[in-house]
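Throughout, read-outs are computed from the coordinates displayed, never taken from laboratory work. Just so you know, these numbers come straight off a predicted model, no measurement behind them. Reconstructed Cβ throughout: ideal geometry from the backbone, glycine too, with neighbour counts over all protein chains shown.
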Amino acid sequence: MKFKQFLINEQNLKELTKHYTGALPIACYETTILEHASGYIPLHWHDEIQLIYVLKGEAVFQVNEEKIKLRSGDGLFINSGCLHMAEDLKKTGCVYICLNVLPHLFLPQELYTTYVLPYVQSTNLSYVLIDGSKEWSRAIQQALFVIRKLVQTKEPLFEIEITANLIKVWKQLLVHAFQKQYVYTEEVKNQRIKAMLTWVHMNYSEKITLDDIAASGQISRSECCRYFKRMLDVTPLQYVMKYRIQKSILLLKQEEKSITDVAFEVGFNSTSYFIDQFKKMMGMTPLAYRKGKL
């Protein structure tokens, strides 16, 4: 199996992929979670709104600090700028349609300020679960299928047809899903966790303490622990460990680097401890992983 690489700015977690189809800043494609290099979709964000429809299996999506379980037939709206990730925890072979689209494409400029912008800017609207059993969700599902086909075939006037179907999607969300609320504290929390994760990603190869991470978010040690536990379900230092192992996976694909080189490059000061932690997280030693992937 060829594993897919997920391009993320390591400093601020923003996805680097440019989404374009013809003249439209849009992408619609199928994703199989287990085919990604890390075995899951890592934490990231982007300016585009993301719409998901699960075709097969089930997965746990996380948006900011909320975890949402999706099964075949369910969908998910993820707002612009929200941190999110996905895991196929039960190894069900989860496959989903993913639509990434910039907010201004949903409605003409004259309507955007009234019917789109307030919801994109609502700090209490990070996601909406699109329950597959609801009648209104089927209209969104059908529109996504049409958009996916248009992106693939690019038949004449496909950009106009895509735009028409985006309007259908947005109307369903407006009528059935959105509740506009502004909660400033939620935005502050989101910015702080982004700041702390960015700091970890820039300094993972160095010695890191809980004090360092808390200081990067300008909060106390205890509050820092609460942020990580609530949003990522790990302690700050467990996240550092997980991220170091994730980075080591990429380095292990470089045959010229020894296991010791990799260990020290990602912040471990002991090769044996690196091997122990890698095995605990990945179920095999770094050497076994390298042999299986090269």
Distance in nm between pseudo-label sites at Ser272 and Glu35 (7 Å out along the Cβ direction from Cα)
4.2 nm
Ranked by GNM mean-square fluctuation in the chain (Cα springs under 10 Å), the top entry among Ser38, Ser272, Ser72 is Ser272
Quick one: what are the phi-derived ³J(HN,Hα) couplings along region 79-95, Karplus 6.51/-1.76/1.60 with θ = phi - 60°, whole Hz, x for glycine and proline?
6, 4, x, 8, 5, 7, 8, 8, 9, 9, 5, 9, 6, 8, x, 4, 10
Report, please, the projected area of region 184-293 averaged over directions, based on the convex hull of its C-alpha atoms, in nm².
7.1 nm²
For region 184-293, averaging the sequence separation of alpha carbon pairs under 8 Å that lie six or more residues apart and dividing by its residue count, the contact order in percent is 21 percent
Report the Cα-based extents of the chain along its three principal axes, largest first, to the nearest Å.
58, 44, 34
With label points set 7 Å from each Cα along the Cα-to-Cβ direction at Lys134 and Ala164, the distance between them in nm comes to 2.6 nm
Modelled FRET efficiency - R0 30 Å, Lys291 with Arg230, Cβ distances, 0.05 increments:
0.20
What FRET efficiency do you get for Ala23 and Asn124 if R0 is 45 Å and r is their Cβ-Cβ distance, rounded to the nearest 0.05?
0.85
Could you work out how far the C-alpha centroid of region 229-294 sits from that of region 94-138, in angstrom?
37 Å
How large are Rg and Dmax for region 217-279 when calculated on the C-alpha trace, in angstrom?
14.1, 42
Quick one: order Asp88, Asp233 by neighbouring beta-carbon count within 10 Å, fewest to most.
Asp233, Asp88
Which FRET efficiency value, to the nearest 0.05, do you get for Val146 and Lys257 by plugging their Cβ-Cβ distance into 1/(1 + (r/R0)^6) with R0 = 51 Å?
0.60
Isotropic mean projected area of the C-alpha convex hull, region 26-176 (nm²):
8.7 nm²
